[in-house]
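Since the structure comes first, as structure tokens, the remarks are kept for the end.
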Amino acid sequence: MHEGAILVGDAGGTNVRFAFAHLNGDRIRLSDIWKRPGADYATFYAAIDAYLAEARPKLAGASFGFAGPVADGRVQLLHRNWLVERDALKARLGVSRVVVVNDFFAMARSAPELADDDVHEIATGTADPHGSLAIGGPGTGFGVGVLRRLLDETPPITDGWVVVGGEGGHQAFAPQTEIEWKLATRLRETQGYVSNELVASGSGFEASLEALADVLGAKRRKLSQPEVIEQAKAGDRLALEFCRIRAATVMTAMGNTALACNATGGVFIAGGVSQRLEPWLKESAALDRFYSRGLRTGLMKPIPIRLIASETAPLIGSAKLWLDEQGRGWL
């Protein structure tokens, strides 16, 4: 049993979340879960102060995921003017160990720890218990991560997980239909580089919706993301095509990731936008974008696909990373 709780946090492009993780061996229990818009705070430190003003147990350490690249314990968030440094966090919290990672690094680490009610099934399959996992999907941005099992010497005994992070959401958009090619051309004219993040995530929402309206010859409309979902469910052409293109983009990107890392252990789709796209992710056209891979279609068919539906997943992942670093001295 660890003496004191672990302060865990997730600072994404839209919201910031905190909780206290209480550790008993490898088991994790979260308490005092807190979620606020990041725009309410000038700095990440101000958000921490607001949270700890409500509750502050004895802390054994802290672990945070941030929506931005981390280098030498320092991160500048991509979609928010927050600069965060690990040494400053240690001093502010009065602890000696703070884990600082990319937010999808933490999201990826949560995948094998989630309960059945934390995930929704997109497509069935047969997972290789020793296979790698691919995790990714759009929220404000588009995150991608990979997990591989860390195995002892023969006989193979599972001894944990290693996360491989990156910036996979910024890979180039791969159009395959006539409308998608026209959308890519229009976005290239207005935005320059066309990435999966631009087409599928919240940060590219307005630009992509306007470009698709131009492609379809439809009137541009100022719609929120929830409004687009509702209109798509009602059969509106622009909204429905938009949701289907986003779903196809997600499934193409995750199929590419699964191929790149041989994710025979399964694929987990994550992110708030992905949750809203669930009906279209399950459509046969979207699933074909994942599975249909020419000579390697047979490799893809057994891979199960799940959608992470839990808002606390990155907090669980952050706590597990704290345990990983403590146990083996590295991530």
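Tell me, please, whether a residue that is in contact with a strand residue (DSSP E or B) (Cβ under 9 Å, 6 or more places away or on another chain) and closer than 26 Å to Glu3 by Cα can be found in the stretch 117-131.
Among the residues of the stretch 117-131, not one is in contact with a strand residue (DSSP E or B) (Cβ under 9 Å, 6 or more places away or on another chain) and closer than 26 Å to Glu3 by Cα, which makes the answer no.
Working carefully through the options Gly265, Gly255, find the one that is touching an Asp or Glu at 6+ places or on another chain (Cβ under 8 Å), under 18 Å from Leu147 (Cβ atoms) and small (Gly, Ala, Ser). Break it down stepwise before answering.
Details: Gly255 fails: touching an Asp or Glu at 6+ places or on another chain (Cβ under 8 Å).
The unique qualifying residue is Gly265.
Listed here are the residues, each with its yes/no results for (1) under 18 Å from Ile269 (Cβ atoms); (2) surrounded by 15 or more Cβ atoms within 10 Å (Cβ to Cβ); (3) of a type outside the set (D, E, K, R).
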position: Asp118; (1), (2), (3): yes, yes, no
position: Glu121; (1), (2), (3): yes, no, no
position: Gly131; (1), (2), (3): yes, yes, yes
position: Phe142; (1), (2), (3): yes, yes, yes
position: Gly145; (1), (2), (3): yes, yes, yes
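How many residues are crowded, with 18+ Cβ neighbours inside 10 Å and among the polar types (S, T, N, Q) if we restrict to the stretch 16-56?
Qualifying residue count for the region: 0.
Only one of these conditions is not met by Ala253: (1) within 17 Å of the chain's Cα centre (by Cα); (2) under 23 Å from Thr14 (Cα atoms); (3) outside any helix (DSSP H, G or I). Which number is it?
Against the list (1) within 17 Å of the chain's Cα centre (by Cα); (2) under 23 Å from Thr14 (Cα atoms); (3) outside any helix (DSSP H, G or I), Ala253 comes up short only on (3).
Can you give me the number of residues within the stretch 90-141 that are of a type in the set (D, E, K, R) and closer than 21 Å to Tyr291 by Cα?
Count: 2.
Is it the case that the stretch 52-63 has a residue that's part of a helix (DSSP H, G or I), within 24 Å of the chain's Cα centre (by Cα) and closer than 22 Å to Thr312 by Cα?
No, the stretch 52-63 contains no residue that is part of a helix (DSSP H, G or I), within 24 Å of the chain's Cα centre (by Cα) and closer than 22 Å to Thr312 by Cα.
For Arg221, work out the one condition from (1) under 22 Å from Cys261 (Cα atoms); (2) surrounded by fewer than 19 Cβ atoms within 10 Å (Cβ to Cβ) it doesn't fulfil.
(1)
Can you tell me how many residues in the stretch 192-244 are of a type in the set (Gly, Ala, Ser) and either over 23 Å from Gly169 (Cα atoms) or outside any helix (DSSP H, G or I) (or both)? Step through it out loud before you land on a result.
Looking only at the stretch 192-244, we keep the residues that are of a type in the set (Gly, Ala, Ser), and these are 192, 195, 200-204, 207-208, 211, 213, 217-218, 224, 232, 234-235, 239.
With either over 23 Å from Gly169 (Cα atoms) or outside any helix (DSSP H, G or I) (or both) added as a condition, the list becomes 192, 195, 201, 213, 217-218, 224, 232, 234-235.
Counting residues in the stretch 192-244 that are of a type in the set (Gly, Ala, Ser) and either over 23 Å from Gly169 (Cα atoms) or outside any helix (DSSP H, G or I) (or both) gives 10.
Residue by residue through the stretch 6-15, note down the ones that are surrounded by fewer than 22 Cβ atoms within 10 Å (Cβ to Cβ) and touching a Lys or Arg at 6+ places or on another chain (Cβ under 6 Å).
Asn15
For the structure I just gave you, tell me whether Ala270 is in contact with a helix residue (DSSP H, G or I) (Cβ under 8 Å, 6 or more places away or on another chain) and surrounded by fewer than 24 Cβ atoms within 10 Å (Cβ to Cβ).
For Ala270, the condition - in contact with a helix residue (DSSP H, G or I) (Cβ under 8 Å, 6 or more places away or on another chain) and surrounded by fewer than 24 Cβ atoms within 10 Å (Cβ to Cβ) - is not met.
How many residues does the stretch 33-55 contain that are closer than 17 Å to Ser310 by Cβ and either charged (D, E, K, R) or modelled with pLDDT under 95 (or both)?
Summing the residues that are closer than 17 Å to Ser310 by Cβ and either charged (D, E, K, R) or modelled with pLDDT under 95 (or both) in the stretch 33-55 gives 1.
Whether any residue in the stretch 14-23 is part of a strand (DSSP E or B) and under 22 Å from Glu197 (Cα atoms) is what I want to check.
Within the stretch 14-23, one or more residues are part of a strand (DSSP E or B) and under 22 Å from Glu197 (Cα atoms).
Looking only at the stretch 297-320, which residues are out of contact with any Asp or Glu (no Cβ under 8 Å at 6 or more places or on another chain), over 19 Å from Thr249 (Cα atoms) and not in a loop (DSSP other than H, G, I, E, B)?
Across the stretch 297-320, the qualifying residues are Gly298, Leu299, Ala319.
Those residues that are of a type in the set (Ser, Thr, Tyr) and either part of a helix (DSSP H, G or I) or closer than 20 Å to Gly139 by Cα (or both), I need them from the stretch 165-189; list them, please. I'd like the intermediate steps shown before the answer.
Going through the stretch 165-189, the residues of a type in the set (Ser, Thr, Tyr) turn out to be 177, 185.
Across the stretch 165-189, the qualifying residue is only Thr185.
Sort through Asn102, Asn196 and tell me the only one that's under 16 Å from the mean Cα position of the chain (by Cα), at pLDDT 95 or above, polar (S, T, N, Q) and surrounded by 17 or more Cβ atoms within 10 Å (Cβ to Cβ).
Checking each option against the conditions leaves just Asn196.
The values are calculated or read from the model by the stated rules, or taken from the named source; none is laboratory data. These numbers were taken from a predicted model, which means no experiment stands behind them. Methodologically, a virtual Cβ is constructed for each residue, glycine included, from the backbone with ideal geometry; neighbour enumeration extends over all protein chains shown.
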